[in-house]
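**Student:** Provided herewith is a single structure, encoded as structure tokens, for subsequent inquiry.
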Amino acid sequence: MMHTNLFNLKKHLFHTPLKLLACATLISGALHATADVPAMSVQGNKVLVGGEVKSLGGMSYFWSNNGWGGEKYYNASTVSFFKQDWKASIVRAAMGVEDGGGYFDDPQGSKQKVRTIVDAAIANDMYVIIDWHSHYANTHDWAAAVQFFQEMARDYGQYNNVIYEVYNEPLDIPWGHIKSYAETVIDAIRAIDPDNVIVVGTPRWSQGVKEASWDPINRNNIAYTLHFYSGSHGQWLRNDAAEAMNNGIALFVTEWGSVNANGDGAVNEGETAAWMNFMRDNGIHHANWSVNDKAEGASALNPGASTTGGWGDGDLTWSGHVVRGYLRDWNQIGSGNGNGNGNGTGCTEVSLPGTIEAEAYCAMDGIQTENTSDTNGGSNVGYIDAGDWMSYSVNVANAGTYTVSYRVASLGGGGVLSIENAGGSPVYGTLNVPQTGGWQEWTTVSHDISLQAGQQNIGIAAIEGGFNINWIALTPAGTNPNPVQSITLQAEDYSFMSGVQVENTSDNGGGMNVGWLDAGDWLAYHGVDIPTSGQYTITYRVASQNGGGSLQLEQAGGGVVYGNLNVPSTGGWQNWVDVSHTVTLNAGVQDFGLGITSGGFNINWIKIEAIH
């Protein structure tokens, strides 16, 4: 997991001696099974599968360290369940190295956990990443890594399934330090295994892929690690990744999270969808962090979930739901050619009142999209069965009662749907879907629900199938006597950014704040619905250790500047004060930008209040 230290952090099939006659059938069967897994190879800026561009997805196990909690999931049953139920193609054994309970403390136990995952992956015709899960690999005696990977190569190098990850997440260190270490370990592996793919970590917790692309390693079948967390890493990192690929190196996302870079926080569904589309379109393989029941946002499992698989909806965190939905459909959309139906097709935040295209979900489970013959054409969602769901990111302008209208079609018995907070609680309302006489015979049905104001993720779940949905429209059920004239944006809920980081805040209400703001950094907030034209007071909750700074409120992209403001020194990075200025805004849904003209300071939230 990213920044763990900074933020507080099979048995081999033939390893046990057997009599030759007794194991002849086992060996034959195992070799036959692994023959179905095509070899991976690096050509140009792609990691090919059987010579073809593909994007394969899977799961990363949590740190293997004794006593850290995630080690209980290092068993063959969980690997098999990921293959059968989640349709995963890859698993990653994240073997902790220098931290307590890791490889340096318990080398035999650590290796056995890795072997358990590798053997199970081979048995299930999956790819498996053997990960030296370290932030400091280049500072230790390199002989330890050499010895470990040579042992893995001797035992598993003949299997196409195996991928070696020689350095998980280097800290903010020069690429040359990483490269020297990696070349030593790579050469040791290549002395035994001449061709399996080797993945090398990159600077700054494996975001520094550009630096690696400027001075790549001159060895065969080498890929470079890219790690991202959707709550903290947006378009700027995708731009860096694209530049690195344009420079000729292949990327492998051995770890990614749907939440913030510290492993916690809410799922950022919009950015997750953007990352999924990026990896799909560029043929990048990936593994989600993490297989664990730790009480944090990145965990796929709720505390106490079974240690051997068999998980139902109630066992999964919201991240687990979202990731499972992507993986179940990844073979359909993950061909690397950008075609097909899949998760996150057009996921963007929709401002309400407004209309949501059903196929523009941010996450889903169990459904497919298809062309529609309904008015205005496009696509509809179909193949909806009991238990299937879709989620959407919305921003509700005003709290109140809304009429929700669904454009539906059903050949036979119709069904029952519910609209709810994504994740299932609370349920806002349920509705019977009628039979319409055909899968493309459309009618509109509606009911009223109550919604709170602000950004939120809503889910549409099928209690009973089968029917199709083309769109969902939400409009006020009546005149709201108390329209919201104040909007608060949490600073960390940006749509895009450049140069900033998030951290825990000690300000009232807790949560996160944005920090490390320097001159030239910026944040963008899309889909902000301004209720009326006029003057507004913009208040910023800020903190600064010493020099303060200045900011500029603008239209995203900088085309229009609404106002500038100086930020004072407050005497500490968590000593918070309010500063404000008055600007003129037009009514309507808008995209705002916050440009940092001089640093450095932190921001917790931004409040937009109409002046009456």
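**Student:** So which residues in the range 400-432 are aliphatic (A, V, I, L, M), open to solvent by 10 Å² or more (accessible area, probe 1.4 Å) and either part of a strand (DSSP E or B) or at pLDDT 90 or above (or both), if there are any at all?
**Tutor:** Result: VAL416, VAL427, LEU431.
**Student:** Kindly establish whether SER41 is closer than 28 Å to ASN218 by Cα, open to solvent by less than 60 Å² (accessible area, probe 1.4 Å) and modelled with pLDDT of 95 or more.
**Tutor:** Criteria met by SER41.
**Student:** Now for a different question. Of the numbered conditions (1) over 25 Å from the mean Cα position of the chain (by Cα); (2) closer than 19 Å to MET40 by Cβ; (3) open to solvent by 50 Å² or more (accessible area, probe 1.4 Å), LYS54 fails exactly one; give the number of that condition.
**Tutor:** Looking at each condition in turn, LYS54 falls short on (1).
**Student:** Tell me, please, whether a residue that is of a type in the set (A, V, I, L, M, F, W, C), under 23 Å from the mean Cα position of the chain (by Cα) and part of a helix (DSSP H, G or I) can be found in the range 71-81.
**Tutor:** Yes - at least one qualifying residue is present in the range 71-81.
**Student:** Suppose we filter TRP516, TRP439 for residues that are among the hydrophobic types (A, V, I, L, M, F, W, C), out of contact with any helix residue (DSSP H, G or I) (no Cβ under 7 Å at 6 or more places or on another chain), open to solvent by 50 Å² or more (accessible area, probe 1.4 Å) and under 16 Å from ALA409 (Cα atoms); which single one remains?
**Tutor:** TRP439
**Student:** Return yes when ASP313 is touching a His at 6+ places or on another chain (Cβ under 9 Å), closer than 22 Å to GLN368 by Cα and open to solvent by 10 Å² or more (accessible area, probe 1.4 Å) and no when it is not.
**Tutor:** Taking the combined requirement at face value, the residue satisfies it.
**Student:** Is one or more of the residues making up the range 116-132 modelled with pLDDT of 95 or more, part of a loop (DSSP other than H, G, I, E, B), touching a Lys or Arg at 6+ places or on another chain (Cβ under 8 Å) and farther than 28 Å from ALA241 by Cβ?
**Tutor:** The answer is no; no qualifying residue exists.
**Student:** If you check ARG328 against the conditions, is it among the basic types (Lys, Arg) and either modelled with pLDDT under 50 or buried (at least 21 other Cβ atoms within 10 Å of the Cβ) (or both)?
**Tutor:** In short, no.
**Student:** Enumerate the strands (runs of 3 or more DSSP E) found wholly within the range 550-612, keeping only those where 1 or more residues are at pLDDT 90 or above, more than 17 Å from SER486 (Cβ to Cβ) and open to solvent by 40 Å² or more (accessible area, probe 1.4 Å).
**Tutor:** 561-567, 572-585, 588-598
**Student:** Could you tell me which residue of the range 354-370 is nearest to the chain's Cα centre (by Cα), considering only residues that are assigned to a strand (DSSP E or B) and surrounded by fewer than 24 Cβ atoms within 10 Å (Cβ to Cβ)?
**Tutor:** Looking at the filtered set, the residue picked out is ASP365.
**Student:** Related question: Look at the range 133-155 and say how many of its residues are open to solvent by 50 Å² or more (accessible area, probe 1.4 Å) and in a loop (DSSP other than H, G, I, E, B).
**Tutor:** 3
**Student:** Here's another thing I want to ask about it. Take THR444 and decide whether it is in contact with a Lys or Arg (Cβ under 7 Å, 6 or more places away or on another chain), within 16 Å of ILE356 (Cα to Cα) and open to solvent by 50 Å² or more (accessible area, probe 1.4 Å).
**Tutor:** Here the answer is yes, as THR444 does meet what is asked.
The values are calculated or read from the model by the stated rules, or taken from the named source; none is laboratory data. Remember, it's a predicted structure, so these values are computed and weren't measured experimentally. Please note: Cβ atoms are built from the backbone with ideal geometry, for glycine as well, and neighbour counts cover all protein chains shown. What goes into the accessible areas is simple: the full protein's heavy atoms, side chains included, and nothing from ligands, DNA or RNA. Shrake-Rupley method; radii C 1.70, N 1.55, O 1.52, S 1.80 Å.
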